[in-house]
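Worksheet: one structure, shown below.
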Amino acid sequence: MEHAKNIVADIKKGVIKPIYFLSGEEPYFIDQITNYIEQNVLSESEKGFNQMVLYGRDVTIDDIVSNAKRYPMMAERQVIIVKEAQDLSRTIEKLVTYVENPQPTTVLVLAYKYKKLDKRKGLAKSLKKHGILYENKKLYENKVGDWIRNVLIDQGYHIQPKAAQMLVDYLGNDLSKVVNELNKLMLILPKGSDITPQSIEENIGISKDFNIFELRKAIGEKDIVKAQRIAQYFSQNPKDNPLVLTVGQVFSLFSNVMKYHGLPQKDKATVAKVLGISPFFVGEYVTAARNYPMKKVSACIAMIREVDVKSKGVGASAFASNDLLKELLVKIMN
């Protein structure tokens, strides 16, 4: 994340490299850098003759190099962007000759999504010398809540921990989807707003009472009535609450409770770090650990694994799958 910010910051300062090779598992950051270059390096009057967008599936490395070697027309530089450059993965090493001697008046951007270069080969080594080699990793789901908070702080907003967790539980670590929903909120709510669970429910459509966050909390508190109400809501809204994902979240809860039991030190900071959660949620794991001793946790995990197999269609009819979650909750809280 910081590397992506630094690249954009340098471009804003006028420090522009001849080649940007943007790679990795998280397309959001690649798109952010690519879009910034596409929109800001050239003026509108310069773009007509000096900005070109190519697609990896439609071109060869020779085509890219040929265009990159052209001189700009009535402008200081030209910009060539190759989107979906990962489609050129079989021949990408052929680019090394150009990278070793790039055209100084060309800004060449390659969006190489979902893949990375082999660092042992020549292209990666040359890019580090003559341009920018950017790589990223998919953000782990337990880090997305903090990322959401930082994005909103940068825009002048705040978000309550439960509201952030509702977004994570609903959208996972697909940052593009998360940002789309955050943009909706920022269009509706005035700058400086504190985004609450009610804000999420009213503007995005995620129920503040019937969601995976509340289900996990109800299980931890052994609140069978609340848990079954949520399970009933999920069964009535299966598209928004797929059983496979719900079972995975319940497994995650008990996996973390087991880790908690095994901790020699159980202060808030240690628990938050080991479990990969916000300190705000540590109390919920303390409650869950009190309600589920180690032996019970092991039994619960075994039951969850059994339901997980059935939720994927093994040994359970389509009709019975609607009741699998309810049955699991009864067994867990018994």
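For the stretch 84-98, filtering for residues that are of a type in the set (Asp, Glu) and assigned to a helix (DSSP H, G or I) leaves 2. In the stretch 209-224 there is at least one residue matching the filter, namely being over 19 Å from Thr287 (Cβ atoms) and touching a helix residue (DSSP H, G or I) at 6+ places or on another chain (Cβ under 7 Å). Taken over the stretch 143-169, the criterion of being open to solvent by 40 Å² or more (accessible area, probe 1.4 Å), in contact with a Lys or Arg (Cβ under 9 Å, 6 or more places away or on another chain) and of a type outside the set (D, E, K, R) is satisfied by Gln155, His158. Of all residues in the stretch 26-42, exactly one satisfies the criterion of being assigned to a loop (DSSP other than H, G, I, E, B) and either within 24 Å of Lys138 (Cβ to Cβ) or free of Cβ contacts under 8 Å to residues at least 12 places away in the same chain (or both), namely Glu26.
Which residue, of Leu139, Leu108, is more than 28 Å from Leu167 (Cβ to Cβ) and either outside any helix (DSSP H, G or I) or at pLDDT 95 or above (or both)? Only one candidate passes the filter, namely Leu108.
For Lys222, the conditions (1) open to solvent by 60 Å² or more (accessible area, probe 1.4 Å); (2) at positive phi; (3) under 21 Å from the mean Cα position of the chain (by Cα); (4) of a type outside the set (Val, Ile, Thr) all hold with the exception of (3).
So that you can scan it fast, the table gives a plain yes or no per residue for (1) open to solvent by 10 Å² or more (accessible area, probe 1.4 Å); (2) more than 22 Å from Asp118 (Cβ to Cβ); (3) free of Cβ contacts under 8 Å to residues at least 40 places away in the same chain:
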position: Phe21; (1), (2), (3): no, no, no
position: Gly24; (1), (2), (3): no, no, no
position: Phe49; (1), (2), (3): yes, yes, yes
position: Ile81; (1), (2), (3): no, yes, no
position: Thr105; (1), (2), (3): yes, yes, yes
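Of all residues in the stretch 109-140, exactly one satisfies the criterion of being buried (at least 16 other Cβ atoms within 10 Å of the Cβ) and over 23 Å from Gly56 (Cβ atoms), namely Leu139.
Considering Met303, Met294, the condition of being within 28 Å of Ile206 (Cβ to Cβ), open to solvent by 30 Å² or more (accessible area, probe 1.4 Å) and at pLDDT 95 or above is satisfied by Met303 alone.
The values are calculated or read from the model by the stated rules, or taken from the named source; none is laboratory data. Just so you know, these numbers come straight off a predicted model, no measurement behind them. So basically every Cβ, Gly included, is an ideal-geometry build from the backbone, and we count neighbours across all protein chains shown. Protein only, heavy atoms only, side chains kept; ligands, DNA and RNA dropped before computing areas. Shrake-Rupley method; radii C 1.70, N 1.55, O 1.52, S 1.80 Å.
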